[in-house]
Amino acid sequence: MSSFRTIDNLEPGRRLLVRIDVNAPVEDGVVQDGRRFARHAETIRDLLADDHAVALLAHQGRPGRDTFVSLDQHADILGDHLGREVDFVPDTYGEEALAAIDAFDSGDVLLLENVRMCDGELPEADPGVKAETEFVRTLAPRFDAYVGDAYSTAHRSHASIVGFPRVMDAYAGRVMEGEYTANTAIRERSFDGPVTMVLGGTKAEDTIPVVERLGDTVDRFCLGGIVGELFLRTEGYDVGYDVEGSELFDHQWDDHRETIERVHDSYDEKLFLPTDLAFEGADGERAEVDVEGVTKETPFFDVGSETVERYADRVSTSEAVFVKGALGVFEDERFADGTVAVLSAIADADCFSVVGGGDTARSISAYDLDESDFSRVSIAGGAYVRALTGDPLVGVDVLESAS
Ligand SMILES: Nc1ncnc2c1ncn2[C@@H]1O[C@H](COP(=O)(O)OP(=O)(O)O)[C@@H](O)[C@H]1O
Ligand SMILES: O=C(OP(=O)(O)O)[C@H](O)COP(=O)(O)O
């Protein structure tokens, strides 16, 4: 059981600062609707039913990425879920934001601009340091309480996650409470047969430490995506290099090389790496190459069909399977085979299964897989796999300390 207070403990009619996570895929500049919007709309609906005034904080993307965009579209999508207007304020704690906050009243919902566009949110630092930022010092006194609902960002020590609850009366929202309860319960489960983790995606910092932390309890790690290529590079294959315009590999290699090499040496027998990879052929179609034949000039977008077969075989003989991160760029149909085939094998298998990640969970609906074939689909990725290790989530810790 968590020891944080929830929104059920709030007196009605408060002025609330609510941190949600509606970080979403962006395709050709268009923000894609998904589970995160639907789930946070439930929290907001419950808050409005208790006559609170709700100011929402959220982020989108990371500086420098093409998914780093304004939250104006997010306000419209949230509004569609709520069946009412959500006012977008193109400012976070400047004059325009303060005027909107000072004017807002019971029953109002407004969404402030992408917190990662304002000074103070980044980089990660101790909660006490984030609480001292101008951002927190300016907004905190204007509200009665803070609601932490962004479980999927609870592993980041950013101002909107840890700074506000450090200095405000703080409560957990419905998403925070639900995700925390479910993921903590999963961590406490034990399984008689093999446990497999399928790890892919782009965020090495969230997945590689998990391999190290769970290396003694998980039986097989099937690796793909950027993570898989970084491990292949450890084995001397010429993959996992940035091509022009991409910043996916080299800085992650510099940051995590030591850990990757250590994990590789320690858990060699449990690690399953791609034996073939897919790329865009000269005719624009999907082409595949054995890892022995890769060259560093070629960007790879999926695991190959032999790898898919091996991974599907591993998951179909597992008692439990945990997925975080896609095995390829599934948003492009040519490179969806790895992600979709392995998810289908999990859906068909008689196993306990969890699929997590803001992007990865989306592949389930995008490719008409049936959500009910999985034991759980989490809207969190990095936070959920970290929760499985038992390591603390700073965004949960601060809510517990605030109680
Ligand atoms: N080889 C690859 N190159 C570039 N991107 C990849 C590759 N493989 C997977 N991806 C991308 O990884 C993304 C999901 O990873 P990530 O954001 O880390 O996970 P999630 O949001 O699901 O937790 C997908 O959107 C997919 O396009
Ligand atoms: O999408 C998110 O995490 P996820 O990719 O682990 O699902 C969260 O919004 C956190 O975003 P971040 O990884 O840019 O800090």
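Highest mean first, what order results for 331-341, 367-377, 156-166, 51-61 on Cβ atoms within 10 Å?
156-166, 51-61, 331-341, 367-377
Distance in nm between label sites at residue 244 and residue 296, each 7 Å beyond Cα in the beta-carbon direction?
For the pair residue 244/residue 296, the computed spacing is 1.7 nm.
Can you tell me the 0 to 90 degree angle between the C-alpha axis of helix 337-348 and the longest principal axis of the chain, rounded to 10?
Helix 337-348 sits at roughly 80 degrees to that axis.
Quick check: residue separation of residue 76 and residue 51 times 0.36 nm, minus the Cα distance between them. What number comes out in nm?
Once the chain is fully extended between residue 76 and residue 51, it gains 6.9 nm.
Mind jotting down the distance between the C-alpha centroids of the range 330-353 and the range 226-269, whole Å?
Each part reduced to its Cα centre gives a spacing of 23 Å.
State the antiparallel share, in %, of DSSP beta bridges confined to the chain, rounding to the nearest 5.
That works out to approximately 20 percent antiparallel.
Taking the simple approach of a point 7 Å from Cα along Cα-to-Cβ for both residue 275 and residue 235, what is their distance in nm?
If labels sit at residue 275 and residue 235, their model points lie 0.9 nm apart.
Can you work out the Karplus-derived ³J(HN,Hα) for every residue in the range 156-169? Use 6.51 cos²θ - 1.76 cosθ + 1.60 with θ = phi - 60°, whole Hz, and x for glycine or proline.
Coupling constants for the range 156-169: 10, 8, 9, 4, 6, 9, 10, x, 4, x, 5, 10, 10, 4 Hz.
Going 7 Å from the Cα of residue 124 in the Cα-to-Cβ direction, what parts of the range 56-98 have a backbone nitrogen less than 16 Å from that spot?
From the range 56-98, the list is 62-63.
Name the residue, out of 245, 328, 293, whose mean-square fluctuation peaks in a Gaussian network model built on the chain with Cα pairs under 10 Å.
245
Between the DSSP loop rule and a limit of at most 10 other Cβ atoms within 10 Å, which GluC sites (Glu not before Pro) in the range 218-278 are left?
For GluC sites (Glu not before Pro) across the range 218-278 that sit outside H, G, I, E and B with at most 10 neighbouring Cβ atoms in 10 Å, the list reads 244, 247.
Which percent, nearest 5, of DSSP beta bridges in the range 191-369 are antiparallel?
The answer is about 30 percent antiparallel.
Figure the gain on full extension for residue 282 and residue 350 (residue separation times 0.36 nm, minus the Cα-Cα span) and round it to one decimal in nm.
The residue 282-residue 350 span can extend by a further 20.4 nm.
Could you tell me how many degrees, from 0 to 90 and to the nearest 10, lie between the Cα long axis of helix 35-49 and the main elongation axis, the longest principal axis, of the Cα atoms of the chain?
Taking Cα atoms only, the helix is inclined about 20 degrees.
Filter the GluC sites (Glu not before Pro) in the range 173-222 down to the DSSP loop ones having no more than 15 other Cβ atoms within 10 Å, then list what survives.
Working: sites: 177, 179, 188, 205, 212; in loops: 188.
Loop-located and lightly packed - 188.
Could you check how much of the accessible area of the chain is carbon and sulfur, as a whole percent, using a 1.4 Å probe?
Working: 6970 of 16550 Å².
Carbon-and-sulfur percentage of accessible area, whole number: 42.
Using a Gaussian network model on the chain with a 10 Å cutoff between Cα atoms, which of 50, 302, 255 fluctuates the most?
Comparing 50, 302, 255 in the GNM, the peak value goes to 255.
Return the calculated 222 nm mean residue ellipticity for the chain, to the nearest 500 deg cm²/dmol, obtained by summing -39500 (n - 2.57) across DSSP H runs with n ≥ 4 and dividing by the residue count.
-10500 deg cm²/dmol
Between residue 24 and residues 5 or more places away or on another chain, which pairs have amide H atoms under 5 Å apart, with H built 1.01 Å from N, and which residues are they?
Amide H neighbours of residue 24: 61.
Can you give me the angle between helix 204-214 and the longest principal axis of the chain, using Cα atoms only, in degrees from 0 to 90, rounded to the nearest 10?
Helix 204-214 sits roughly 70 degrees off the main axis of the chain.
Please give the length that would be gained between residue 401 and residue 191 if that part of the chain were fully extended, namely 0.36 nm times their separation in residues minus their C-alpha to C-alpha distance (nm, one decimal).
That pair, residue 401 and residue 191, stretches by 72.3 nm at full extension.
Can you give the FRET efficiency for residue 99 and residue 30, using 1/(1 + (r/R0)^6), R0 = 25 Å, r = Cβ-Cβ distance, to the nearest 0.05?
The calculated FRET efficiency here is 0.25.
Counting other Cβ atoms within 10 Å of each Cβ, which trypsin sites (Lys or Arg not before Pro) in the range 1-83 have at most 15 and sit in a DSSP loop? Provide the component values of the computation, followed by the final result.
Numbers: sites: 5, 14, 15, 19, 35, 36, 39, 45, 65; in loops: 5, 14, 65.
Answer in residue order: 65.
The values are calculated or read from the model by the stated rules, or taken from the named source; none is laboratory data. Keep in mind it's a predicted model, so treat the numbers as computed, not measured. For neighbour counting, all protein chains shown are included, and Cβ atoms are generated from backbone atoms with ideal geometry for every residue, glycine included. In case anyone asks, the SASA skips ligands and DNA or RNA and just uses the protein heavy atoms, side chains included. Shrake-Rupley method; radii C 1.70, N 1.55, O 1.52, S 1.80 Å.
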